[in-house]
Amino acid sequence: MSGTALLRVESLEARYGGVRALSAVDLSVSEGEIVALVGSNGAGKTTVLKAVSNLLPAERGHVTAGRIVYDGRDVFRTSTDALVRGGLVGVLEGRHCFRALSVEENLVTGGLGRGSNRAAIRSDLARIYGIFPRLLQKRRAAAGLISGGEQQMVAIGRALMGRPRLLVLDEPSMGLAPQVVAEIFRTLERLNRDEGLTILVAEQNVTVALRHADRAVVLENGRSVLTGAAADLRARDDIKAFYLGAG
Ligand code: ATP
């Protein structure tokens with residue numbers, strides 16, 4: 001975990017109509033890091049991640065101050081599609097899958113943006129099945145009929161088909177059993193370690209997030225109030241007390 005910042009969020013403020021969602025958010029993610037964005041329900045995590053992918057306008061959200069720079073590009077002047085092509089790929093909250101499509105068809109949709117040919121898609125699929133062997137067994141099943149954990153794997157696998165440099169995940173643990181959450185986070189850590197994939201992950205499950213991240217940023221009421229090495233934050237009693245029961 002080192003190197004230059006791949007993503008920088010500076011003094012970000014955002015609102016939805018009259019509702020102020022973010023009032024002062026600063027964070028950075030360096031190449032090769034796993035950074036966790038933690039905070040309770042409504043703290044603003046999803047809003048930060050949507051801003052990072054320039055998705056707020058589609059949600060009637062407005063950035064009222066601050067800036068976000070990804071790989072030298074001003075995010076607010078770059079379309080979401082262009083960001084994806086530049087390697088910034090998001091996995092939204094709620095593991096959006098095309099429920100009527102098969103697991104494999106869902107994965108293939110993730111590779112289409114790059115205009116890959118069949119051979120490239122086939123080799124990318126083989127790679128994803130190597131990462132998530134369960135998806136190989138279920139490849140012909142309708143995505144709407146597999147378990148929540150498997151759907152999360154499909155959502156992540158689909159994002160990986162876009163060969164991201166920075167993978168942005170919103171609450172991958174949501175609604176999943178602890179063993180499945182552990183499996184997903186172990187996979188993310190392996191991708192980070194073996195392939196240098198940089199990861200920004202928003203989590204309410206602070207225990208899990210701090211166990212797997214290099215650094216964490218704590219968000220409270222739309223403000224980033226604390227940032228530090230995950231190992232240091234894990235040791236802090238006030239953090240533990242604040243989030244007791246959240247993990
Ligand atoms: P959660 O874990 O529940 O997703 P969060 O930390 O991701 O919480 P956000 O979803 O970013 O928080 O919400 C931040 C604030 O913005 C909250 O007060 C929320 O009610 C408000 N908010 C979020 N989306 C909208 C929207 N589309 N319209 C109006 N207010 C919104």
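Using θ = phi - 60° in the Karplus curve 6.51 cos²θ - 1.76 cosθ + 1.60, the 3J(HN,Hα) couplings for segment 210-217 round to 6, 6, 10, 8, 7, 9, 9, 10 Hz; x is entered for Gly and Pro.
Below 8 Å, C-alpha to C-alpha, sequence gap of six or more: please give me the relative contact order for the chain in percent.
Details: 479 pairs, mean separation 68.5, N = 247.
Relative contact order here is 28 percent.
Helical content alone sets the calculated 222 nm signal of the chain at -11000 deg cm²/dmol, taking -39,500 (n - 2.57) per DSSP H segment of four or more residues and averaging over every residue. Return a whole-number percent for the relative contact order of segment 132-247, with Cα pairs under 8 Å and 6 or more residues apart as the contact set. Normalised by residue count, the contact order of segment 132-247 is 19 percent.
Share of the chain's accessible area from carbon and sulfur, percent, 1.4 Å? Don't skip to the end; give the middle numbers.
Working: 5700 of 11520 Å².
Roughly 49 percent of what the probe reaches on the chain is carbon or sulfur.
Take every pair of alpha-carbon atoms less than 8 Å apart whose residues are at least six positions apart; their mean separation over the length of segment 98-162 yields a relative contact order of 56 percent. Once all protein chains are placed together, residue 76 keeps about 60 Å² accessible to a 1.4 angstrom probe.
Phi angles of segment 219-232 translate, via the Karplus equation with coefficients 6.51, -1.76, 1.60 and θ = phi - 60°, into HN-Hα couplings of 10, 9, 6, x, 10, 7, 9, 7, 9, x, 5, 4, 4, 5 Hz per residue; Gly and Pro are given as x. In this structure, residue 101 and residue 11 have a Cβ-Cβ separation that, at R0 = 51 Å, corresponds to a calculated FRET efficiency of about 0.80. Can you tell me what share of the DSSP beta bridges in the chain is antiparallel? A percent to the nearest 5 is fine. In the chain, approximately 55 percent of DSSP beta bridges are antiparallel ones.
Sequentially through segment 98-112, phi angles give Karplus couplings (6.51, -1.76, 1.60; θ = phi - 60°) of 7, 5, 7, 8, 6, 3, 5, 4, 4, 4, 4, 4, x, x, 5 Hz, Gly and Pro residues having no value and appearing as x. Reducing segment 178-245 and segment 73-97 to their Cα centroids gives an inter-centroid distance of 21 Å.
Applying 1/(1 + (r/R0)^6) with R0 = 45 Å to the Cβ-Cβ distance of residue 137 and residue 226 gives a FRET efficiency near 0.60.
The values are calculated or read from the model by the stated rules, or taken from the named source; none is laboratory data. Quick caveat: nothing in here was measured; it's all calculated off a predicted structure. Because the Cβ atoms are built from the backbone with ideal geometry, glycine has one as well, and the counts that use them run over all protein chains shown. Calculation scope for accessible area: heavy atoms of the full protein, side chains included, ligands and nucleic acids excluded. Shrake-Rupley method; radii C 1.70, N 1.55, O 1.52, S 1.80 Å.
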